[in-house]
Every structure is written in structure tokens, then in C-alpha cells.
Amino acid sequence: MNFEEKKLNSETVYKGKILTLNVDEVELPDKSRSFREYVRHSGGAAVLLVKDNCVLLVNQFRYAYGKEIYEIPAGKLNYGENSEEAAVRELEEETGYRAKLIKMFDLYPSPGYTDEIIHIYFAESFEFTVQKLDEGEFLNCEFIPLDKVLNMIETGEICDAKTVSAVYKFISSLDKKK
């Protein structure tokens, strides 16, 4: 069976600086009709940097959750920017590290309501330059031992999807090298 849904109509309900909310009328595979509300997003890029068996994490307040969270350095793609350029830019802005990157994978953070794709990279080689935080951006950078990061994930202290996915993918790649 083909599960594709055919768009019949589309309405932009809200257009902001970082997201757009659309409501589409669709025809379902059984020919009935329904509506799909979804957020359009330019996408993001994130970097896993591991140095001396420690993971570089940023800690920052995330308004939507009302608390500080730990996550790997990341940010949104600017218009026309490719994901690797965004990852290099965000890593240096947030942490001061400039790196040569290897693509790890793409992550669909919440496919039920957004088209956002987060492109996850691994910092293969890196050097410290200078941190260049954006105006209004406040965060701390910290190298945390990999074992502690795994414990923080297991206890729910780290819940960020891109961070959890990147760390487990990294651990999986280490296991395959054994």
C-alpha cells in the first residue's frame, strides 16, 4: 500500500524569524481528507567534539523547557548555508573551536509536526581559536568525561535528542572498531 498523502491546499498561519507554521489539507491513501499542521524550519547542524575521552557540551537556558540543559554545540542553518558550513560556524561561535568535520548522520527530531533536519557532525581534528557568542547568547562550555555523559543520559540529566543520538552513535562506532 502507498501511504503518501497528497497536498490539496496549504495556508501559512504564521511566519517568524526561525519557523513557519502551515496548515495543509491533504488527501489520504483511502481518498478521505484531513488536515496537517506542521512547522517548517531551515534545519540545524550540530557537532560532537571528543577530546581525551571527554565530550564538549554547552550548558544553556532553553526557554521552551524553562531550564538549563546540556547539549552538543549546535545552531540553525542560515538561508543558503550548507550544513557543514553551519556546523563549523556554530562550533566556533559557541565554543571557540575550529574543526575539520566528518558527517555522522541526519536526525529528524520530531517528524510528527516539523520538517526540521539536524545534520550531526564529528570533529575529527580541531584547534581552539576564540569564542564568538551571538548577541543575546549566554552559555557555558565544558568537557565532561564520556562515562559521566553516559550516566547523565541514563539518569535523564541529558535529554536533548541530538546529543543523546550523537553520543550513542559515537559509542557504537567505538564498539565496531574493537
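The values are calculated or read from the model by the stated rules, or taken from the named source; none is laboratory data. This structure is a prediction, so every number in the text was calculated from the model and none was measured. Here the Cβ is made from the backbone with ideal geometry for all residues, glycine too, and neighbour counts use every protein chain on show. To get the accessible areas, we keep the full protein, side chains included, count just its heavy atoms, and leave off ligands, DNA and RNA. Shrake-Rupley method; radii C 1.70, N 1.55, O 1.52, S 1.80 Å.
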- Message: Placing unit charges on C-beta atoms (Lys and Arg positive, Asp and Glu negative, everything else neutral), compute the dipole magnitude of region 78-137 about its Cα centre in debye, rounded to 20.
- Response: 260 debye
- Item | With DNA, RNA and ligands ignored, accessible area of Ser32 (1.4 Å probe; Å², nearest 10) | 50 Å²
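Please compute the per residue accessible area over region 3-138 with all protein chains in place, 1.4 Å probe, rounded to a whole number of Å².
Computed with neighbouring chains in place, this is 62 Å² per residue.
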- Query: Looking only at Asp30, Asp115, Asp106, which one moves most when the chain is put into a Gaussian network model with springs between Cα atoms under 10 Å?
  - Reply: Asp30
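Can you work out the FRET efficiency for the pair Glu142 and Glu4, with r the C-beta to C-beta distance and R0 = 41 Å, to the nearest 0.05?
About 0.35, to the nearest 0.05.
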- Message: For a quick check, take a GNM of the chain with Cα springs below 10 Å and name the residue from Ala161, Ala74, Ala86 with the largest mean-square fluctuation.
- Response: Ala161
- Item | Candidates per trypsin sites (Lys or Arg not before Pro) in region 23-96, loop by DSSP, up to 16 other Cβ within 10 Å | Lys31
- Query: Dipole of the chain, Cα-centred, from +1 at each Lys and Arg C-beta and -1 at each Asp and Glu C-beta, to the nearest 20 debye?
  - Reply: 320 debye
- Item | Coil-residue chymotrypsin sites (Phe, Trp or Tyr not before Pro) of region 30-73, DSSP, other Cβ within 10 Å capped at 14 | Tyr63, Tyr65
- Query: Which pairs break 28 Å Cα to Cα here: Lys17/Lys148; Lys132/Lys177; Lys7/Lys103; Lys103/Lys177; Lys31/Lys162; Lys100/Lys148?
  - Reply: Lys17/Lys148; Lys132/Lys177; Lys7/Lys103; Lys31/Lys162
- Query: How large, in percent, is the carbon and sulfur part of the accessible surface of region 1-149 at a probe radius of 1.4 Å?
  - Reply: 50 percent
- Note on the structure: Averaging 1/r across every pair of distinct alpha carbons in the chain and inverting yields a Kirkwood hydrodynamic radius, in angstrom, of 17.9 Å
- Accessible-area order (highest first, 1.4 angstrom probe) of the listed residues Cys141, Cys159: Cys159, Cys141
- Item | Calculated FRET value between Phe128 and Val26, using beta carbons and R₀ = 45 Å, to 0.05 | 0.35
